[in-house]
Each structure stands twice: as structure tokens, then as C-alpha cells.
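Take a look at the structure below.
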Amino acid sequence: MHDQLASLYPQHLAIVRERADLALALGGFDHLLIAAGTPLRKFLDDQDYPFAVSPHFKHWLPLTDVPGSWIAYTPGHKPKLIFLQPRDYWHVVPQAPHGYWVEHFDIVIVRNAADALAQLPAGKRSVIAAACPAMDSVEANNPPVVLDYLHWHRSYKTPYELALMREASRIGTRAHRVAEAAFRAGESEFGIHMAYLAAARQIDAELPYASIVALNEHSAVLHYTNFDRTPPAHNRSFLIDAGASASGYASDITRTYAAADAGEFQALIDSVDAAQQGFVAKVRTGQSYPELHIHAHHVLAGVLREHGFIRMSAASAVESGVSSAFFPHGLGHPIGLQVHDVAGFQQSERGGSIARPEGHPYLRMTRVLEPGMVVTIEPGLYFIDMLLAELRDGPFAGDIDWAKVDRFRQYGGIRIEDDVVCTDGAPENLTRDAFALV
């Protein structure tokens, strides 16, 4: 893996530099300054929240735990890394920079934040950073003209980035296999989560997002993160939405499992899985993501009809909003340096926004797919009490088999999610490929 990254990195950095050159020219700036960031201090405390590096910083180099450091880039010059390595016996001090990328940077090691700021070049500066008290001499202006350009082009992953996303998928799927085994062994949500972390060899703060580990009815809570410590009397179903990180790049994977004696629920999982693979096959150049989302509603409404939950046609279920009661979220989102990556709604490299389709407020992407984009495809069917109550009180209640719906409430719901690369031809399914290797 190291040799592959070493061979791919120079081209990646060249592309990142070229994009920076063009973004700075658009805004009339001399320099691009990117702060790694600093951890947030807890209120009325002397401790910090876990540090999360700026995605703009880790786009240039594979460093994720270097608070207070900076990248300074001037077009036509080698990028400069201002590396904060404080004198500190209270905490682990970051190791001096090393690895396949160091030869591509001028590296200056400093001991405090003031010395780091003193290393930043003067002139008209585009400063990408969060506001920070220690930055009194530097304005974090985050110019929209620069950010819009960089965010738009971040949608197109380089071969180096795709290599890291494949690695993140391999780590995540390895941990998913262990989590499924823990479910089969009757573990609690907390126990399954601990098994996942051990298999991924990552702590919570290193994961790209908070894991969802839901047994039985808890699967109906879309962002369930409670981790019950006690196993239920009977594990009927298990939904896990959990990813992993590789040098700051994310994987985002969801699987749903049925207990051995839950055959009717397994049959529904199988239908959703088949539908999901059909949606993945449509991740192709020129495909409108909103249109794919609407298509998913029609297919999933067909699944609901096939399994006897609804008596109306699939088209009527979508038009009436009935399908949204069972599938209330978006089909997916861009993914990369952030699990919900930037520019999902952006109209062009100059900014702008593409509206969501009417009636679908939670869709996280409205662009047309192009080669190099990576998106998640994550359809679901759920039995959510609040939404079912609204449906039961609505004009289409007579088109629902409520006895069957009520029987499935004990399983919570189903979501199946893969990370998929749009290419010039057939899509690359990072998640399924990684599961095949485990």
C-alpha cells in the first residue's frame, strides 16, 4: 500500500496545486494559507474535544493529528508545511514529518502558535481556517470564490484519493464482518460497537462519523447512537452504519441482518439488497442524482407492494407521499475527505445551488454524476412510529396492510449502503469489492 501511495501522490499534489493556482487567480490572491485547526475547548473546562483536522489541510498531505500546523502555498513555489511541534510533557508531541510526501514540501518546525503565524507569507492571502483566538494577526477570510472552486473540483477524486478510499473500505468491511458475528453471538449494542472498534483498530474519534449500531426496533431511529449495554431478550434484527478512515479519507457502509428465525424480515432485506444493487448499476456518467433518487422511490414502492405492505400501485405510492413514510431520507451523498462531502448541491465551479426535488427535503446531492465522483447509494425501508401514525391518520390509510406493518415494527428497518465510484464505464463499488476481499 505504501509503495502504491508513494507512486500516486506526486500526480495528486500536482492536481491540487493546479486547482489552487486557478482558484487564487479567480480571487486575485497571492497566497493560499490553510490551517490544520485546533481542538475546541470544552465549556468551563481545561480539556478539549477530540481534534478534527480541516479537510482542506488533509487534501494536500496525509496528516490528520497536527493541530496548530499550516500549509502555505504560493503559485510557482514549492508548498510549505509549517509544522507545530510544541515543547510539551503533558501530551504526545507530533512526530517530525516523515513518509512518501515530505520531499514535496519545504518543512519548517516551530514550537508555538505565534512562531507558526510568523512563518506565513505577507500579501493578499486566501486564508482557509476557522476563527481562532490565537490567530489575531491572520484573518480567516475563507473567500467564497476560492472555496467554491476548490469544493467543486474536490468532487473529482484523483487515483491517489481513490486508493485511500479503497483502503478505508477494506478497514470498514473487515470490522463489519466482526460486528455481524457479534450480533449472531447475542452481544449488546455496546458489545458489538467495541468489537467493531477493535477490528477496525480505530477509536471513536478516528472514525469518519459516529457509528450507528441498532438492534430490533432501534433500527427505526435513523441516527441511533445510544449503544444499549444490555442485550435484548431476543436479537431479531441488526442495522449497522459504520465506516473507517484512511489518512483522512472516509468509508460509509451500512448493512442490515436478520436473526436466523426471522425469515420474513430476511426476505425483505433480500429485496432491498437487490434494489440497491440496481441503483448502484446506474451510477454512470450523465445520470442525474435526483432522478436516481426518485427512481429508487418507485422501485422501493414496488418492493412494499410485492411484500404486501401496500395495495396501491408504486406510482401512486410515490405521488401520494406514501413511499416517503417508509423511505424518508435521501438516496445518498458525496463522500471523500468528509463523510458528507462538499459540493453536493453546487451548480458550477463559480458556486450556485441546485434545488432538491419538491417533496424530498433530505436528499444530500442534486448534481449530475461525472467520472471521478464517489457517492453513497443507501436506500432503506423503515417502520417509524411517528411517520406510520401520520400515514394511519391520512387519506391513504386504507391502502396499507396495518397488521403486516405492525408485525414488522419489531425489526425497526433496513438500510443497505455502498460507496460507489462513477467512472467512464461501469461503476466501481468500493464496498462490495472490499467485502469480497475479507
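The values are calculated or read from the model by the stated rules, or taken from the named source; none is laboratory data. Quick caveat: nothing in here was measured; it's all calculated off a predicted structure. Glycine gets a Cβ as well: all are built from the backbone with ideal geometry, and neighbour counts include every protein chain shown. Note: areas computed on protein heavy atoms with side chains; ligands, DNA, RNA excluded. Shrake-Rupley method; radii C 1.70, N 1.55, O 1.52, S 1.80 Å.
Out of Arg311, Arg409, which single residue is closer than 22 Å to Tyr257 by Cα and either surrounded by fewer than 19 Cβ atoms within 10 Å (Cβ to Cβ) or hydroxyl-bearing (Ser, Thr, Tyr) (or both)?
Details: Arg311 fails: closer than 22 Å to Tyr257 by Cα.
On inspection, the qualifying residue turns out to be Arg409.
Within region 125-175, how many residues are touching a residue at least 40 places away in the same chain (Cβ under 8 Å), open to solvent by 30 Å² or more (accessible area, probe 1.4 Å) and among the acidic types (Asp, Glu)?
2
Quick check on region 74-99: of everything there that is touching a His at 6+ places or on another chain (Cβ under 9 Å) and open to solvent by 30 Å² or more (accessible area, probe 1.4 Å), which residue is farthest from Ala25 (Cα to Cα)?
So in region 74-99, the residues touching a His at 6+ places or on another chain (Cβ under 9 Å) come out as 74-75, 78-79, 99.
From the residues that got through so far, the ones that are open to solvent by 30 Å² or more (accessible area, probe 1.4 Å) too are 74-75, 78, 99.
Values: Thr74: 11, Pro75: 9, Lys78: 17, Gly99: 31 Å.
Selected residue: Gly99.
Would you please list the contacts, defined by Cβ atoms under 6 Å and residues six or more apart or on different chains, that run from a residue in region 353-365 that is modelled with pLDDT of 95 or more to a residue that is part of a loop (DSSP other than H, G, I, E, B) and charged (D, E, K, R)?
Note: pairs meeting the criteria are Leu363/Arg356.
Give region 50-73 a look and list any residue that's aliphatic (A, V, I, L, M) and either open to solvent by 30 Å² or more (accessible area, probe 1.4 Å) or assigned to a loop (DSSP other than H, G, I, E, B) (or both), or say none.
Residues of region 50-73 aliphatic (A, V, I, L, M): 52-53, 61, 63, 66, 71-72.
If the condition is that a residue be aliphatic (A, V, I, L, M) and either open to solvent by 30 Å² or more (accessible area, probe 1.4 Å) or assigned to a loop (DSSP other than H, G, I, E, B) (or both), then Ala52, Val53, Leu61, Leu63, Val66 are the ones that fit.
Going by what's in this entry, would Val342 be described as in contact with a Gly (Cβ under 7 Å, 6 or more places away or on another chain), among the β-branched types (Val, Ile, Thr), open to solvent by 20 Å² or more (accessible area, probe 1.4 Å) and modelled with pLDDT of 95 or more? Working first, answer last.
Working: in contact with a Gly (Cβ under 7 Å, 6 or more places away or on another chain): no; among the β-branched types (Val, Ile, Thr): yes; open to solvent by 20 Å² or more (accessible area, probe 1.4 Å): yes; modelled with pLDDT of 95 or more: yes.
Here the answer is no, as Val342 does not meet what is asked.
Quickly run through region 106-144 and pick out the residues that are over 22 Å from Ala25 (Cβ atoms) and assigned to a loop (DSSP other than H, G, I, E, B).
Correct list: Arg111, Asn112, Gln119, Ala130, Ala131, Cys132, Asp136, Ser137.
Would you mind stating whether Ala317 is open to solvent by less than 10 Å² (accessible area, probe 1.4 Å), among the small types (Gly, Ala, Ser) and touching a strand residue (DSSP E or B) at 6+ places or on another chain (Cβ under 6 Å)?
Values: open to solvent by less than 10 Å² (accessible area, probe 1.4 Å): yes; among the small types (Gly, Ala, Ser): yes; touching a strand residue (DSSP E or B) at 6+ places or on another chain (Cβ under 6 Å): yes.
So Ala317 passes the test.
Regarding region 324-339, can at least one residue be identified that is in a helix (DSSP H, G or I), at pLDDT 95 or above, among the aliphatic types (A, V, I, L, M) and touching a Ser or Thr at 6+ places or on another chain (Cβ under 6 Å)?
At the first step, the residues of region 324-339 found to be in a helix (DSSP H, G or I) are 324-326.
With at pLDDT 95 or above added as a condition, the list becomes 324-326.
The next check asks that each one be among the aliphatic types (A, V, I, L, M); those that pass are 325.
Then keep just the ones that are touching a Ser or Thr at 6+ places or on another chain (Cβ under 6 Å); that gives none.
Checked against the condition, which is being in a helix (DSSP H, G or I), at pLDDT 95 or above, among the aliphatic types (A, V, I, L, M) and touching a Ser or Thr at 6+ places or on another chain (Cβ under 6 Å), region 324-339 yields no hits at all.
Can you find even one residue in region 366-385 that is among the acidic types (Asp, Glu), in a loop (DSSP other than H, G, I, E, B) and at pLDDT 95 or above? If you could, list the steps in order and put the result at the bottom.
Residues of region 366-385 among the acidic types (Asp, Glu): 370, 378, 385.
Then drop every residue that is not in a loop (DSSP other than H, G, I, E, B), which leaves 370, 378.
Now restrict to residues that are at pLDDT 95 or above: 370, 378.
Taking every residue of region 366-385 in turn, at least one turns out to be among the acidic types (Asp, Glu), in a loop (DSSP other than H, G, I, E, B) and at pLDDT 95 or above.
Filtering region 182-203 down to residues that are free of Cβ contacts under 8 Å to residues at least 40 places away in the same chain and within 18 Å of the chain's Cα centre (by Cα), which residue is surrounded by the most Cβ atoms within 10 Å (Cβ to Cβ)?
The extreme case among them is Leu197.
Can you pull out every residue in region 23-47 that is in contact with an Asp or Glu (Cβ under 9 Å, 6 or more places away or on another chain), touching a residue at least 24 places away in the same chain (Cβ under 8 Å) and open to solvent by 50 Å² or more (accessible area, probe 1.4 Å)?
Of everything in region 23-47, those that are in contact with an Asp or Glu (Cβ under 9 Å, 6 or more places away or on another chain), touching a residue at least 24 places away in the same chain (Cβ under 8 Å) and open to solvent by 50 Å² or more (accessible area, probe 1.4 Å) turn out to be Leu26, Thr38.
Looking only at residues that are at positive phi and assigned to a strand (DSSP E or B) in region 350-365, which one is most open to solvent (accessible area, probe 1.4 Å)? So that I can check it myself, show each step before the final result.
If we filter region 350-365 for residues that are at positive phi, which is where we start, we get 351-352, 359.
Among the residues that remain, those that are also assigned to a strand (DSSP E or B) are: 351-352.
On the way: Gly351: 7, Gly352: 51 Å².
Looking at residues that are at positive phi and assigned to a strand (DSSP E or B), I get Gly352.
Here are Ala281, Ala274, Ala259: which of them is open to solvent by 20 Å² or more (accessible area, probe 1.4 Å) and free of Cβ contacts under 8 Å to residues at least 40 places away in the same chain?
Values: Ala281 fails: free of Cβ contacts under 8 Å to residues at least 40 places away in the same chain; Ala259 fails: open to solvent by 20 Å² or more (accessible area, probe 1.4 Å).
That would be Ala274, the only listed residue that is open to solvent by 20 Å² or more (accessible area, probe 1.4 Å) and free of Cβ contacts under 8 Å to residues at least 40 places away in the same chain.
His234 versus (1) of a type outside the set (Phe, Trp, Tyr); (2) open to solvent by 60 Å² or more (accessible area, probe 1.4 Å); (3) under 20 Å from the mean Cα position of the chain (by Cα): which is the lone unmet condition?
Going through the list (1) of a type outside the set (Phe, Trp, Tyr); (2) open to solvent by 60 Å² or more (accessible area, probe 1.4 Å); (3) under 20 Å from the mean Cα position of the chain (by Cα), His234 breaks only (3).
Out of Ala114, Ala122, Ala72, I need the residue that is among the small types (Gly, Ala, Ser) and under 28 Å from Gln47 (Cβ atoms). Which one? Show your work before the answer.
Working: Ala122 fails: under 28 Å from Gln47 (Cβ atoms); Ala72 fails: under 28 Å from Gln47 (Cβ atoms).
It is Ala114.
Quick check on Ala6: is it closer than 30 Å to Arg170 by Cα, modelled with pLDDT of 95 or more and within 24 Å of the chain's Cα centre (by Cα)?
no
What about Tyr382, is it under 19 Å from Arg415 (Cβ atoms), open to solvent by less than 40 Å² (accessible area, probe 1.4 Å), among the aromatic types (Phe, Trp, Tyr) and out of contact with any Gly (no Cβ under 7 Å at 6 or more places or on another chain)?
Details: under 19 Å from Arg415 (Cβ atoms): yes; open to solvent by less than 40 Å² (accessible area, probe 1.4 Å): yes; among the aromatic types (Phe, Trp, Tyr): yes; out of contact with any Gly (no Cβ under 7 Å at 6 or more places or on another chain): no.
When the stated conditions are applied, Tyr382 does not pass them.
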